[in-house]
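Presented below is the structure to which this report refers.
The values are calculated or read from the model by the stated rules, or taken from the named source; none is laboratory data. Note that the structure is predicted; figures quoted are calculated from it, not measured. Cβ sites come from the backbone with ideal geometry, for glycine too, and all protein chains shown count toward neighbours. Quick note on the areas: whole protein, heavy atoms, side chains included, nothing else; ligands and nucleic acids left out. Shrake-Rupley method; radii C 1.70, N 1.55, O 1.52, S 1.80 Å.
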Amino acid sequence: MIHHFLLARMKSENYKSLNWITKENLITVAIGAVCGFFVLYPISDFDIFWHLAAGKEIVKERHLLFSDPFSYTDTAQRWFDVHWLFQVITFLTENAGGLGLLLVFKATLFAVSISILFRSVPDKRSVLLISLLIVLIAYSFRYLVTMRPIIFTILFISLFFYLLERYLKHRRKRYLLFLIPVQIAWVNSQGLFLAGPFIFIAYLSGELLNNFLSARFPDQFGYKSNLNRTDLKIMTLFSPLLLLSMLVNPYYQDAVHFAFRLFRNITPLPENIYSSNVTENMSVFSMMDTDYAYYAYSLIGIIVLLSLSSAFSKRYLRFTFLFSSLMFLTLAYMAQRNLILFAIAFIPHFCWNMKHLSFSSPINKKILKTCISFLLCIFVLSSIISHLQFLRKNFYTIAPFSFPVNSTEYLKDSSVPGNMFNADRHGGYLIWKFYPEKKVFLDTRLTLRSREFFAEYLSILKHPEVFFPGLCKKYGITHVILPQCGTDLYFRLTKYLYDSPEWNLVSTDGSEALFIMDSLSKDHNIRLDDVYSVDSICQSLKERFIDKKHLADEAVFHLANMLVKTDNLLSAESILADDRSQECRLLYSRIKLLKGQKDSALTILNKIITEDPGNVQAQTLTASVYLSMNRPEQVKKAILSVLVRDPLKVFNMLRVISKE
């Protein structure tokens, strides 16, 4: 008897331990895992290293930071380090397992966030279609999920949606109370914490509006909130408590003022120096002629999907999701870095719409969902394979060519007195490597600077011959570190320093350059017009990437591009003469054009087009050459070739040709 009782008890406990293994839970884990896998890639974000340095300083000194300890230039603003919690957590993570563990931490956090968001809307329909679409969106915007405080914001947005949906379903006050610690953690982690109260207000106003409209117009508005008047009053009374929780931070109301100032900095106006000159703060639609056009088309695609799904479920229009989607769409329009936030807000909204789709014919509905799911399956599988191939080729913790690794090693081995001038994008890495021995000129914390300081910095880069000598005298600058890839912004200063007899180029690999004053580096000066010196640098790059041909080709391209910008065309030709990547051969053709050798350039370009007819850059350059040679038939042929293969890029092509 006892034996049978114990056996039955064991079976019952085993069943309870396995009852979490449901279809929805397995799908949730799978979606999270795939999305987390997509954001696993080398660190390329410039902010993370000053965040790590700040976290290290906080842990070491056991107090928070209220002023900038990392730069020697004057800062016009008090530092409201609202990211301190993120900084401490990431530093402790890096300290425990290095940058590799930090990458795993980011991927895990994103996977958890997507899983929570997926579970926020209960009783979903078309689960397969929704799951595939979420994964595809995560893949499309994966490079916006960087190792910076935005990853915490994504988690907190997911938690807000989840807890508020649970409150709507179960009407229990504890779900509202859980929002308080989430908001407190948010206000101490990232400057977008104002999104929390806005989501809450979207829920409160949306549910009120739905209740009102469903009572007045029941035929047009079929959704009525599960919350009664008492529940909505509780939410209303809870609002001040949520707002007050934003003051639970070391800077009190100043942190809230700072958050509003951040919002002002991304206002897409021509006179806004931050949104006009900082790529991540630019409106994505202002970059249609750049590589970021891909994000604009993805954003348009999401808007179309949301609009269509809303149109076919209009009777169950839920204003809560409409208001929250509009809020995050506004942020996405203002700055391209916020696109990922709109993509996150899209998920619960789309899940709701899919649950209430209404077609005139159920057969059409079933066929449509099946066809779309099949297509999405193909896209998702190809995305997974593509990312796997990317990781096989680029299995690094730090993205190559993104940070001044060689310049840092050179300065650590050589004791160079005086202050350094550096690009803002390099500032964080230099702080991480040198502080407290050396301080930087500036970094990407532009909110610490006045608009006048940033304008002066841009003027130095645009007109170095006018402003740079005075800057060196003012701050005692003796060495300069500049990026040579990713942007053309620093090439004027690079050329000025290279041509100046007062400065010597002591280290470069084409992706970065280190200049030291002549009085401190007389014995070392790299001459880029010396073919043998350049070939030596090129050979060292090949040895560095001996097992990674694509990276070796990219390194050679960066070096050749630097040579072109410093008017060393012969040296550039010498390293590009070999049959390298298409990008290198495109640059080689441009050199031929600079030298007036149009026929040679066309020979190179036609060879590239024969190999890859869809190469838009080659087709564009070919069309420009033929236009200068007054051969309209060939220009038309190049444009039609792009139109057939990639219609969206024709507009950019025409824009470039018109500039030529």
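Residues in region 136-161 that are open to solvent by less than 10 Å² (accessible area, probe 1.4 Å) and either hydrophobic (A, V, I, L, M, F, W, C) or assigned to a helix (DSSP H, G or I) (or both): A138, F141, V145, M147, I151, T153, I154, I157, S158, F160, F161. A count restricted to region 236-270 and to residues that are open to solvent by less than 70 Å² (accessible area, probe 1.4 Å), in contact (Cβ under 8 Å) with a residue 60 or more places away in the chain and closer than 23 Å to E165 by Cα stands at 4. Apart from one condition, Q597 fits all of (1) in contact with a Gly (Cβ under 7 Å, 6 or more places away or on another chain); (2) surrounded by fewer than 21 Cβ atoms within 10 Å (Cβ to Cβ); the exception is (1).
A search for C-beta distances below 7 Å between a residue of region 445-456 that is at negative phi and any residue that is open to solvent by less than 20 Å² (accessible area, probe 1.4 Å) and outside any helix (DSSP H, G or I), counting only pairs 6+ apart in sequence or on different chains, returns L448/W79; R449/L442. Go through region 449-483 residue by residue and tally those that are modelled with pLDDT under 95 and crowded, with 20+ Cβ neighbours inside 10 Å. Counting residues in region 449-483 that are modelled with pLDDT under 95 and crowded, with 20+ Cβ neighbours inside 10 Å gives 1. Among the residues of region 607-628, those identified as touching a helix residue (DSSP H, G or I) at 6+ places or on another chain (Cβ under 9 Å) and open to solvent by 60 Å² or more (accessible area, probe 1.4 Å) are K607, E611, Q617, L627, S628.
For region 19-32, filtered to residues that are hydrophobic (A, V, I, L, M, F, W, C) and over 13 Å from V380 (Cβ atoms), the residue that is modelled with the lowest pLDDT is W20.
Does F212 meet the test of being surrounded by 15 or more Cβ atoms within 10 Å (Cβ to Cβ) and either part of a helix (DSSP H, G or I) or in contact (Cβ under 8 Å) with a residue 24 or more places away in the chain (or both)? No.
Does F374 satisfy being under 16 Å from L129 (Cβ atoms), without any contact (Cβ under 8 Å) to a residue 24 or more places away in the chain and not aliphatic (A, V, I, L, M)? Give the derivation first.
Working: under 16 Å from L129 (Cβ atoms): yes; without any contact (Cβ under 8 Å) to a residue 24 or more places away in the chain: yes; not aliphatic (A, V, I, L, M): yes.
Taking the combined requirement at face value, the residue satisfies it.
Would you be able to say whether some residue in region 116-126 is under 21 Å from the mean Cα position of the chain (by Cα), of a type outside the set (V, I, T) and buried (at least 17 other Cβ atoms within 10 Å of the Cβ)? Within region 116-126 (the criterion being under 21 Å from the mean Cα position of the chain (by Cα), of a type outside the set (V, I, T) and buried (at least 17 other Cβ atoms within 10 Å of the Cβ)), the answer is yes, since at least one residue qualifies. Tallying residues that are surrounded by fewer than 21 Cβ atoms within 10 Å (Cβ to Cβ) and in contact (Cβ under 8 Å) with a residue 60 or more places away in the chain within region 85-101 yields 3.
Residues in region 304-324 that are in contact with a helix residue (DSSP H, G or I) (Cβ under 8 Å, 6 or more places away or on another chain), among the β-branched types (V, I, T) and without any contact (Cβ under 8 Å) to a residue 60 or more places away in the chain: none. Under the condition of being at pLDDT 85 or above, part of a helix (DSSP H, G or I), under 21 Å from S44 (Cβ atoms) and open to solvent by 30 Å² or more (accessible area, probe 1.4 Å), the residues counted in region 280-300 number 1.
Looking at L621, L551 in this structure, which one is more than 22 Å from Q389 (Cβ to Cβ), touching a residue at least 24 places away in the same chain (Cβ under 8 Å) and of a type in the set (A, V, I, L, M, F, W, C)? Of L621, L551, the one residue that is more than 22 Å from Q389 (Cβ to Cβ), touching a residue at least 24 places away in the same chain (Cβ under 8 Å) and of a type in the set (A, V, I, L, M, F, W, C) is L621.
Does region 408-431 contain any residue that is among the polar types (S, T, N, Q), more than 18 Å from the chain's Cα centre (by Cα) and part of a helix (DSSP H, G or I)?
Initially, region 408-431 is screened for residues among the polar types (S, T, N, Q), giving 408, 414-415, 419, 422.
Checking which are more than 18 Å from the chain's Cα centre (by Cα) leaves us with 408, 414-415, 419, 422.
Filter again for part of a helix (DSSP H, G or I), leaving 408.
The answer is yes, given that some residue of region 408-431 is among the polar types (S, T, N, Q), more than 18 Å from the chain's Cα centre (by Cα) and part of a helix (DSSP H, G or I).
The lone criterion from (1) of a type outside the set (A, V, I, L, M); (2) over 26 Å from the mean Cα position of the chain (by Cα); (3) within 15 Å of L621 (Cβ to Cβ) left unmet by E583 is number (2).
The residue of region 183-209 that is most open to solvent (accessible area, probe 1.4 Å), among those that are within 11 Å of I157 (Cβ to Cβ) and part of a helix (DSSP H, G or I), is F198. Sub-8 Å Cβ pairs linking a first residue in region 481-497 that is within 22 Å of E409 (Cα to Cα) and touching a residue at least 60 places away in the same chain (Cβ under 8 Å) to a second residue that is of a type in the set (S, T, Y) and open to solvent by 10 Å² or more (accessible area, probe 1.4 Å), at least 6 apart or interchain, are Q484/T508; G486/S402, ordered by first then second residue.
What tally of residues in region 162-182 results from selecting those that are among the acidic types (D, E) and either outside any helix (DSSP H, G or I) or in contact with a Phe, Trp or Tyr (Cβ under 6 Å, 6 or more places away or on another chain) (or both)? Talk me through it step by step, then tell me what you get.
First, pick out the residues of region 162-182 that are among the acidic types (D, E): 165.
The next check asks that each one be either outside any helix (DSSP H, G or I) or in contact with a Phe, Trp or Tyr (Cβ under 6 Å, 6 or more places away or on another chain) (or both); those that pass are none.
The number of residues fulfilling the criteria is 0.
So, of the residues in region 463-494 that are more than 10 Å from A423 (Cβ to Cβ) and part of a strand (DSSP E or B), which turns out to be nearest to the chain's Cα centre (by Cα)? Looking at residues that are more than 10 Å from A423 (Cβ to Cβ) and part of a strand (DSSP E or B), I get H479.
Looking only at region 553-585, residues that are open to solvent by less than 10 Å² (accessible area, probe 1.4 Å) and of a type in the set (A, V, I, L, M) come to 9 in all. One residue is enough: does region 516-531 have a residue meeting the conditions out of contact with any strand residue (DSSP E or B) (no Cβ under 9 Å at 6 or more places or on another chain), surrounded by 15 or more Cβ atoms within 10 Å (Cβ to Cβ) and not polar (S, T, N, Q)? Yes: one or more hits.
Against the list (1) in a helix (DSSP H, G or I); (2) of a type outside the set (A, V, I, L, M); (3) over 25 Å from the mean Cα position of the chain (by Cα), the condition R264 fails is (3).
Annotation: of all residues in region 346-383 being exposed (fewer than 15 other Cβ atoms within 10 Å of the Cβ) and among the β-branched types (V, I, T), the one that is modelled with the highest pLDDT is I378.
Here is a list: V112, V88, V82, V104. Which entry is modelled with pLDDT of 95 or more and outside any helix (DSSP H, G or I)?
Matching residue, one of V112, V88, V82, V104: V82.
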